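Trainee: Next up is a structure, given as structure tokens.
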Amino acid sequence: MEEVAPELLVRESKHRDNTLPDLKGVVGEVRMRMAPNPSGPLHIGHSRMAVLNDEYVKRYGGICYNRFEDTDPARIDPSGYDTIPADLDWLGVKIHKTVIQSDRFEIYYDIAKKLLEMGKAYVCTCKIDAWRDLKNHKKACEHREQPLDEQMVRWDKMFDGSYKPEEASIVVKTDLQHPNPAIRDFVALRIDDTPHPRTGSKYRVYPLMNLSVAIDDHLLDLTHVLRGKDHLNNTHRQEYIYDYFGWKRPEYIHYGRVSVEDAQLSTSKMANGIKEGLYTSWDDPQLGTLASMRRRGVRSEAIRRYWVETGIKEVDIEFSWKTLFTFNRELIDDGANRYFFVNDPIRFTFSGTDSELVAKAPFHPEHPERGTREMRVAPGAHVFIDRNDLKDSPTRLRLKDLCNVELKEDRMIYAGNDLSVLKEGVHIVHWVPGNAVPAEVLMTDGSTKNGLAEPLLSKAHESVVQLERFAFVRVESVSPTIRCVFTHK
RNA sequence: GCUCCCGUGGUGUAGUCCGGCCAAUCAUCCCAGCCUUUCGAGCUGGUCACCCGGGUUCAAAUCCCGGCGGGAGCACCA
């Protein structure tokens with residue numbers, strides 16, 4: 001082969017083995033992290049970072065941390081400490097170690113104090129606006145070059161309560177002449193008297209992310225850091241801290257913004273919506289949370305495939321529900337048994353035969369071995385079909401898996417069982433017999449479809465099924481009535 | 001305004017570093033046909049892209065210059 005047609009072998013190697021590009025600078029194992037703020041459950045946007053980290057750690061071997069970034073006591077929803085690990089677990093993301101930043105305040109204080117001693121930071125008691133204004137004009141404030149002993153006195157006063165919030169902060173020096181105003185001196189610690197959900201009022205000096213993140217990324221000895229490109233400037237700021245201590249920087253990879261059409265992803269807006277009754281809970285099908293996806297019967301594998309195929313470029317992207325649902329349909333179709341559900345039912349009385357008819361509808365067209373659902377229709381019995389199927393005023397219809405019928409007002413007359421009528425343009429519709437049971441489907445716009453389902457659907461509790469010609473749904477409960485949640489078409 | 005980043009079909013991506021094998025890959029959407037007792041699945045076919053303008057070169061999606069467009073940041077949030 002090599003001798004006859006070597007070019008064929010070369011071509012072969014051009015194909016990618018993995019959709020995700022290789023990481024730069026990998027030596028042995030890899031150490032990565034995700035850094036959620038425990039302010040609520042994870043949503044579809046968060047899942048990108050989680051999946052990508054997990055994929056790489058699995059590819060190269062190594063460890064993945066979950067680090068709760070809870071250094072702003074005012075922006076914590078304590079439920080996040082439980083829901084986030086559950087969401088990650090559902091996604092199939094393997095967390096090797098969990099780190100909680102609110103356990104580590106003393107560590108941040110230590111390092112900050114060292115920066116002070118090194119002359120790389122200062123205690124600033126300027127008014128916030130005045131300080132920012134000076135910075136924007138590349139000017140130092142009066143506190144920047146104060147002698148160390150004076151700085152230490154003021155440092156202590158931050159902790160003992162002498163200063164109120166906003167009256168003092170620790171600022172890390174960078175380069176006041178830096179052309180990018182976003183990179184010049186940045187605040188590293190501040191005072192806040194809001195009680196922290198985990199540490200109460202024990203601490204009042206809180207690190208800001210650029211300090212705590214730099215310290216933890218270093219202490220955890222991370223090799224690669226994945227983050228949104230909104231952190232580009234933060235990365236530059238953090239590099240100053242790395243350089244002051246001579247720490248080795250991890251590889252930083254920034255990925256672009258994801259805009260998700262038709263989805264509420266703002267944690268605070270979702271929380272408000274729940275409070276106001278707009279949404280029932282975090283797993284309301286209207287929301288873009290992972291909890292909602294799970295409830296609707298979306299498989300985490302579909303979400304993982306979506307992010308792997310999307311990759312990790314710095315360009316901004318538009319998320320496509322259609323594509324995600326296509327991936328999901330591929331996963332669930334084989335396992336989803338078929339049932340009839342008639343939305344907006346119209347009642348007909350069946351006639352035209354002497355004996356009872358029995359429909360034997362397969363649970364799955366590709367899996368005859370799963371058997372059939374039997375539905376019986378006797379002369380004089382009722383049959384319901386969807387009002388929507390009457391739109392074009394058909395005179396004849398085919399009741400799927402049962403027989404052909406002629407429609408006359410509210411009567412349905414048996415018209416044989418010859419499938420060839422389909423060639424004449426007769427449409428096949430789904431239907432339910434007189435002993436159908438009420439069922440409702442919770443839609444993603446918050447509305448509910450109330451209809452009738454074949455009785456056997458009540459045996460499909462907890463499974464994802466296809467309501468033929470309607471949609472895939474997850475059967476959430478079966479008593480007192482059947483309730484399903486819309487998955488997708 | 002300042003700083004940085006980025007521009008391949010509707011969407012996401014491959015190719016860009018080291019110019020030719022790219023009249024541009026794959027997936028998804030969309031359209032048409034076939035098949036099927038679902039509007040699901042399957043099969044076949046189709047439409048649609050290198051932001052623009054110069055330059056270098058035998059040759060440019062790929063290199064250079066200039067435009068234009070988009071995004072992020074300029075918080076005592078993360």
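Trainee: At a 10 Å Cβ-Cβ cut-off, how would you order A:SER39, A:SER477, fewest neighbours first? It would help to have the intermediate numbers written out before the result.
Mentor: Values: A:SER39 18, A:SER477 13.
With the sparsest Cβ surroundings first, the list reads A:SER477, A:SER39.
Trainee: Near the amide H of A:ARG396, under 5 Å away, which other amide H atoms are found, from residues 5 or more places off or on another chain, if H is placed in the peptide plane?
Mentor: Result for A:ARG396 returns A:LEU407.
Trainee: Out of residues 5 or more away from A:HIS224 or on other chains, whose amide H comes under 5 Å of its own, with H placed 1.01 Å from N in the peptide plane?
Mentor: A:ARG31, A:GLU251
Trainee: In Å³ and rounded to a whole number, note down the convex hull volume per residue for the Cα atoms of region A:106-213. Write down the numbers at each step before the final one.
Mentor: On the way: hull volume 11.0 nm³, N = 108.
Each residue corresponds to 102 Å³ of Cα convex hull volume.
Trainee: Treating the beta-carbon of each Lys and Arg as +1 and of each Asp and Glu as -1, no other charges, what is the dipole magnitude of chain A about its Cα centre, to the nearest 20 debye? Please report the intermediate quantities before stating the final value.
Mentor: On the way: 69 positive and 75 negative charges, 72 e Å.
Dipole size: approximately 340 debye.
Trainee: Continuing with this model, one more query. Scan around A:HIS43 for amide H atoms under 5 Å from its own, H built in the peptide plane at 1.01 Å from N, and keep only partners 5 or more places away or cross-chain.
Mentor: A:LEU290
Trainee: Continuing with the same structure: Along region A:275-289, what does the Karplus equation 6.51 cos²θ - 1.76 cosθ + 1.60 (θ = phi - 60°) give for ³J(HN,Hα), rounded to whole Hz, x for Gly and Pro?
Mentor: Residue by residue, region A:275-289 yields 4, 7, x, 5, 10, 7, 5, 5, 9, 4, x, 6, 8, x, 6 Hz.
Trainee: Convert each backbone phi in region A:72-85 into a coupling constant with the Karplus relation 6.51 cos²θ - 1.76 cosθ + 1.60 (shift: θ = phi - 60°), then list the ³J(HN,Hα) values in order as whole Hz, x for Gly and Pro.
Mentor: Along region A:72-85, the couplings run 10, x, 7, 10, 10, 10, x, 5, x, 5, 9, 6, 5, x Hz.
Trainee: Quick one: order A:TYR206, A:TYR81 by neighbouring beta-carbon count within 10 Å, fewest to most. Show your work: numbers first, answer last.
Mentor: Numbers: A:TYR206 24, A:TYR81 18.
With the sparsest Cβ surroundings first, the list reads A:TYR81, A:TYR206.
Trainee: In terms of Cα to Cα distance under 16 Å, which lysines are near enough to A:LYS408, apart from those fewer than 8 places away along the same chain?
Mentor: A:LYS391
Trainee: Something else now. Which whole-percent values make up P(r) of region A:41-157 when all C-alpha to C-alpha distances are grouped in 5 Å steps starting at zero?
Mentor: 2, 9, 14, 13, 13, 11, 10, 11, 11, 6, 0
Trainee: In bins 10 Å wide, starting from 0, what share of all Cα pairs of region A:204-343 does each bin hold, as a percent?
Mentor: Here the calculated profile for region A:204-343 is 9, 26, 28, 24, 9, 3, 1.
Trainee: Quick one: check the C-alpha center-to-center distance for region A:40-97 versus region A:342-381, whole angstrom.
Mentor: 48 Å
Trainee: Just the ratio, please: alpha-carbon radius of gyration of region A:338-488 over 2.2 N^0.38 Å, N its number of residues.
Mentor: On the way: Rg = 15.2 Å, N = 151, 2.2 N^0.38 = 14.8 Å.
Ratio of Cα Rg to 2.2 N^0.38 Å: 1.03.
Trainee: How big is chain A in terms of Cα radius of gyration and Dmax, in angstroms?
Mentor: Answer for chain A, Rg first and Dmax second: 31.1, 105 Å.
Trainee: For Cα pairs less than 8 Å apart in space and 6+ apart in sequence, what is the mean separation divided by the residue count of region A:338-488, i.e. the relative contact order in percent?
Mentor: Working: 341 pairs, mean separation 37.4, N = 151.
Dividing the mean separation by the residue count of region A:338-488 yields 25 percent.
Trainee: List, in order, the whole-Hz ³J(HN,Hα) value for each residue of region A:352-368 obtained from phi through the Karplus relation with A = 6.51, B = -1.76, C = 1.60 and θ = phi - 60°; use x for Gly and Pro.
Mentor: With coefficients 6.51, -1.76 and 1.60, one gets x, 9, 8, 10, 5, 9, 10, 8, 10, 9, x, 5, 8, x, 8, 10, x Hz.
Computed from the coordinates by the stated procedures, all read-outs in this text should not be read as laboratory data. Everything numeric in this text was worked out from a predicted model, so none of it was measured. Note that we place each Cβ from the backbone using ideal geometry, even for glycine, and neighbour counts take in every protein chain shown.
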